[in-house]
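The values are calculated or read from the model by the stated rules, or taken from the named source; none is laboratory data. On a predicted model such as this, the values are computed, not experimentally measured, just so you know. Here Cβ is always computed from backbone atoms with ideal geometry, including for glycine, and neighbour counts include all displayed protein chains.
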Amino acid sequence: MSSVTSTTTDQDALLRAGIDRSLRHPVMFFLTSGAAWLAVSILLGVIASAKTHHPSFLAECAWFTYGRVFPAHMNALIYGWGMQAAFAVIIWLMARLSRKECSAPGTILAAGHVWNLGVALGVMGILGGHGTGMPWMEFPAFAWPVLLISYFAILIWSFIQFRVRPEGHVYISQWYLLGAMIWFPWIFITANTLLHCLPGHPVMGAGINAWFRSALLFLFFVPVAIGTAYYLSPKVTGRPVFSYSLAKLGFWSLAVIAPWAGMQKLAGAPVPYFLPYVGAAATALLFIPTCSAAVNNLRTMMAGPDTLASSPSLRFTAAGLVGLIVLAISAVLLNLPGSTLPVTQFTLSGYGFDILAIYGVFSLIMFGATYFIVPRVTRREWLSRRLIKMHFLFSVYGTIFVAVVALFGGLLQGAGQETWQNAWSNYARPYAVTITLTWGLILFSNVFFFIHLTLMWLRLGRRSSHPTLLVSQHHTSSPHGEEGDIDNAGPGHAHAH
């Protein structure tokens, strides 16, 4: 029996090594180029934030007016960093969970270069004054078909791997990843077709744009983050998912509720009266899937407190899950029709909510996945525990200041809108200054993250015969822990029949 078990373990190790080897270049390309775009986005965010309280900053350069630099900041964050981090994690996790090597790494890599070209041209188009003026869709119209074709070329192989996988369980992490992979083209094609190819009344165009922003957030970025957390939590701790019933509730409630959210952005606009309130109610009800997923994963992590304390992957993931709970509470508090919804509609609160979701939830979990995946695909250990710790501290505290200050600063700013004797900017200035300084600190940490990641891609990290991450010297990993590499982390690593 022991010899059979040993043989099976050796075969699994060879299979995992083959999967990692087949995806090393695509995964590292997406993570490294995404990290570069993250640094660019944060730099643009610093400039945009500085101009809100110091309008003369870079005023002599038309490319850096607020109306151009702010949308460039958000689109670089979403399509440059967010989408590419998601690509890296999706293709690696789907290959691992489907137990299939990637058969087309060259195609994925080529499509990744095309994606980056589309993002670069789009950001340059915005800065050059050719943006569309539609939030999160400001790229010139030529960019979206390029991005869509690249998307299909990158992720079609993950669909194929899932389809030809050996018969067995479908893990809950695969549910979320497959959902995100299917929902994104539906959202992207629908919005861009209706706004660029079949334009109608501008008011309804604004409604479609508002729906797109919400759907992209809750039907792509949040599912990818939750699916990744459902992989890392049981994988690193070696414990089963706390509650599979809660995992199923979270997935299906997200799938049913999220498509209805978004139209609350049009409260007070000349649209059918019920639409903004349906959107507000749906956004508030997203408390159910987001909190259920966050609590389920955190309870799973708490089953291994020593591992949680020593694992960089789990620390980042846990911080992202706490951010998910804060996001759920914010979704309720900011969308109360009789009080906060009309007050915060034109304030910093919307920006704070977006940053909390994209950086405080999605990005933190992607950082955790990066610290887990990269040593496995490069067969190298991270160079510096100190750099990882610094990255964690700056990211978490930066998220707290940027998102929470913007959220609650927006509430006070909204209350000041009714005081017409005072300048509106007076209520926002202290918060804008804080956001600028905080983005500067986050930029500092992410530049080092990019350098650290690039050195790992060049395989300059410490050589290791096992794909490990840095842990406490006094911590001994179990076979299922972070130093182990077993994809089936117990029967509760949620499966579906």
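Out of all the residues in the stretch 42-88, which are polar (S, T, N, Q) and either in contact (Cβ under 8 Å) with a residue 60 or more places away in the chain or in contact with a strand residue (DSSP E or B) (Cβ under 8 Å, 6 or more places away or on another chain) (or both)?
Residues satisfying the conditions are SER49, THR52, ASN75.
State all residues of the stretch 217-253 that are assigned to a helix (DSSP H, G or I) and among the basic types (Lys, Arg); if no residue qualifies, say none.
Once the filter is applied, which keeps residues that are assigned to a helix (DSSP H, G or I) and among the basic types (Lys, Arg), the stretch 217-253 yields LYS235, LYS248.
Out of (1) free of Cβ contacts under 8 Å to residues at least 40 places away in the same chain; (2) crowded, with 17+ Cβ neighbours inside 10 Å, what's the single condition that is false for ILE288?
Failing condition for ILE288: (2).
Take the stretch 114-128 and flag every residue that is part of a helix (DSSP H, G or I) and either surrounded by 19 or more Cβ atoms within 10 Å (Cβ to Cβ) or in contact (Cβ under 8 Å) with a residue 12 or more places away in the chain (or both).
VAL114, TRP115, ASN116, LEU117, GLY118, VAL119, LEU121, GLY122, VAL123, GLY125, ILE126, LEU127
Would you point out which residue out of ILE160, ILE156 is of a type in the set (Val, Ile, Thr) and buried (at least 16 other Cβ atoms within 10 Å of the Cβ)?
Answer to the check: ILE160.
Would you say ARG24 is at pLDDT below 90, surrounded by fewer than 22 Cβ atoms within 10 Å (Cβ to Cβ), closer than 25 Å to VAL377 by Cβ and basic (Lys, Arg)?
no
Report, by residue number, each residue of the stretch 260-278 that is surrounded by 20 or more Cβ atoms within 10 Å (Cβ to Cβ) and not in a helix (DSSP H, G or I).
ALA261, GLY262
Which residue, of SER22, SER103, is touching a residue at least 40 places away in the same chain (Cβ under 8 Å), in contact with a Cys (Cβ under 8 Å, 6 or more places away or on another chain) and not β-branched (Val, Ile, Thr)?
SER22
Against the definition (farther than 24 Å from ASN296 by Cβ, part of a helix (DSSP H, G or I) and either out of contact with any helix residue (DSSP H, G or I) (no Cβ under 8 Å at 6 or more places or on another chain) or among the hydroxyl-bearing types (Ser, Thr, Tyr) (or both)), how does THR190 come out, yes or no?
yes
Consider LEU15 carefully, then state whether it is crowded, with 24+ Cβ neighbours inside 10 Å and assigned to a helix (DSSP H, G or I).
No; evaluated as a whole, the condition is false for this residue.
Scan LEU198, LEU219, LEU194 and give me the residue that is more than 18 Å from VAL322 (Cβ to Cβ) and within 15 Å of the chain's Cα centre (by Cα).
Just a single option satisfies the conditions, and that option is LEU219.
Taking the stretch 129-153 on its own, how many of its residues are among the β-branched types (Val, Ile, Thr), surrounded by 18 or more Cβ atoms within 10 Å (Cβ to Cβ) and either within 22 Å of TRP183 (Cβ to Cβ) or touching a Lys or Arg at 6+ places or on another chain (Cβ under 6 Å) (or both)?
Total meeting the criteria: 0.
Can you name every residue in the stretch 341-391 that is at pLDDT 90 or above and closer than 21 Å to ALA406 by Cα?
Residues satisfying the conditions are PHE353, ASP354, ILE355, LEU356, ALA357, ILE358, TYR359, GLY360, VAL361, PHE362, SER363, LEU364.
Need at least 2 residues that are surrounded by 19 or more Cβ atoms within 10 Å (Cβ to Cβ) and under 14 Å from the mean Cα position of the chain (by Cα) per element, so show me which helices (runs of 4 or more DSSP H) inside the stretch 318-397 make the cut, counting only ones lying wholly within it.
Answer list for the stretch 318-397: 348-355, 364-378.
Residue-by-condition table, conditions (1) under 22 Å from ILE257 (Cα atoms); (2) more than 20 Å from the chain's Cα centre (by Cα); (3) at pLDDT 95 or above; (4) in a helix (DSSP H, G or I):
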site: SER158; (1), (2), (3), (4): no, no, no, yes
site: PHE162; (1), (2), (3), (4): no, yes, no, yes
site: GLY168; (1), (2), (3), (4): no, yes, no, no
site: LEU178; (1), (2), (3), (4): yes, no, yes, yes
site: TRP186; (1), (2), (3), (4): yes, no, yes, yes
site: MET204; (1), (2), (3), (4): yes, yes, no, yes
site: GLY207; (1), (2), (3), (4): yes, yes, no, yes
site: PHE212; (1), (2), (3), (4): yes, no, yes, yes
site: ALA215; (1), (2), (3), (4): yes, no, yes, yes
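How many residues does the stretch 140-155 contain that are farther than 15 Å from ILE189 by Cβ and among the aromatic types (Phe, Trp, Tyr)?
Final tally of qualifying residues: 1.
Name every residue in the stretch 292-317 that is surrounded by 24 or more Cβ atoms within 10 Å (Cβ to Cβ) and closer than 20 Å to GLY250 by Cβ, in order of residue number.
ALA293, ALA294, ASN296, ASN297, THR300, MET301, LEU314, THR317
I'd like the full set of residues that are crowded, with 19+ Cβ neighbours inside 10 Å and either at pLDDT 80 or above or of a type outside the set (Val, Ile, Thr) (or both), limited to the stretch 454-471.
Within the stretch 454-471, MET456, TRP457, GLY461, PRO467, LEU469, LEU470 qualify.
Return the only residue of LEU195, LEU155, LEU148 being over 30 Å from LEU232 (Cβ atoms) and in contact with a helix residue (DSSP H, G or I) (Cβ under 8 Å, 6 or more places away or on another chain).
Sole residue among the options that is over 30 Å from LEU232 (Cβ atoms) and in contact with a helix residue (DSSP H, G or I) (Cβ under 8 Å, 6 or more places away or on another chain): LEU195.
Looking for whichever is free of Cβ contacts under 8 Å to residues at least 12 places away in the same chain and over 18 Å from PRO135 (Cα atoms) here; the options are ILE226, ILE182, ILE172. Which one fits?
Going through ILE226, ILE182, ILE172 in turn, the sole match is ILE182.
Name the residue that is modelled with the highest pLDDT, counting only residues in the stretch 237-259 that are crowded, with 19+ Cβ neighbours inside 10 Å and of a type in the set (Phe, Trp, Tyr).
Step by step, filter the stretch 237-259, then rank; the result is PHE251.
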